[in-house]
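Asks: Sharing a structure with you now.
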Amino acid sequence: MLKFIHKAVCMITLTFLSNALIANTIVPFELISGLIIIEAEINGELGSYILDSGSNGILINSSSSKSDVSYQTLSGIVEGSETKISSLKLGDFESNELLGFSTDLTSLELYLEKNLAGILGCAIFNPSSFEFNFMEKRLIISDKKIDSRRIDGMSSINYKVVDDLPIGEVFIGGVKRSFIIDTGASSHFMDLDLILELGEQSVKTGVTKNILTASGESNISDEYIITNSGDDPSQNSFKAYSKDFTALSKELGQNIHGLISLSKLSDKVIYFDVLNKKVYY
């Protein structure tokens, strides 16, 4: 839903002069419409931010921002301006002298019925692991590797990082497919061409969803039940909404077949092993 890729029409270079992650940074979060919302302090002001594993930067909500820079997103170009961030604080984490991007997120605020200060990309923390506890609504950002006892017996997805996007390989229709693993999406999404290719393995439910992008654009997407014979993002049968990933595939230089929503992968605990490039659920 809210994918921000660092390749922009006017390239935005993100600078991190000082990062301090102290052992475990524990952060409570809200889950609103499948999106993870955390409290962070930027330039001394506390606000609510969407946490997005598909972003490498910081997006600041500003209705007065100029339109002198374009930023490529999953659903098109977002207009806004570069902005300097003197400090970012989140729990025990602190980073200084950052470069962010300002744009108007009013439409997204109306959709979520919540005031938003912006969007934070997971890549800015540069951790060893994340623990998303959906039962306790708690996030742990850690510079330590994951205790093997915690992930024993859990399912996992291997992923690689392309332009700061975690892209996992899962079997759909007996073939390995590339899916973005995303904390900033409210649902699973699948490329319409793949849905049609699956034939009887995909069934249109008749349900539609209004998908709102960070640029304020609204798109209607159809819901499908996907029946899978092999390993899949969560189970043998799951719901996904149709989406055209052609532009994103071209941007990344590889075929992208869909997007896995972390909040729809499990309602319990998910571990993001950044060191070994694995997601456990």
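Asks: Tally Lys and Arg at +1 and Asp and Glu at -1 over the other residues with C-beta under 15 Å from the C-beta of SER48: what net charge comes out?
Replies: Its environment carries a net charge of -4.
Asks: What trypsin sites (Lys or Arg not before Pro) in the range 131-194 are in a loop by DSSP, with at most 16 other Cβ atoms within 10 Å of the Cβ?
Replies: Here the trypsin sites (Lys or Arg not before Pro) that fit, given the DSSP loop and packing criteria, are LYS137, LYS144, LYS145.
Asks: Using the number of other C-beta atoms within 10 angstrom as an exposure proxy, rank ASP147, ASP193 with the fewest first.
Replies: With the fewest neighbours first, ASP147, ASP193 line up as ASP147, ASP193.
Asks: Checking the cross-link filter: which lysines have an alpha carbon closer than 16 Å to that of LYS145, excluding same-chain neighbours under 8 positions apart?
Replies: Once the sequence-local lysines are set aside, what remains near LYS145 is LYS277, LYS278.
Asks: Counting other beta carbons within 10 Å of each Cβ, put THR227, THR83, THR103 in order, fewest first.
Replies: Ranked by crowding around the Cβ, least crowded first: THR227, THR83, THR103.
Asks: Further question on the same structure: Could you please rank LEU108, LEU198, placing first whichever residue has the fewest other Cβ atoms within 10 Å of its Cβ?
Replies: LEU198, LEU108
Asks: Can you list which of the GluC sites (Glu not before Pro) found in the range 114-209 are DSSP loop residues with at most 16 other C-beta atoms within 10 Å?
Replies: Filter output for the range 114-209: GLU136.
Asks: Let me ask something else about it. Before anything else, pin down the relative contact order of the range 148-280: Cα pairs under 8 Å, at least 6 apart, normalised by residue count, whole percent.
Replies: 32
All of the numbers you see were taken from the coordinates with simple rules; none came from a lab. The model shown is predicted, which means the values in this text are computed figures rather than measured ones. Reconstructed Cβ throughout: ideal geometry from the backbone, glycine too, with neighbour counts over all protein chains shown.
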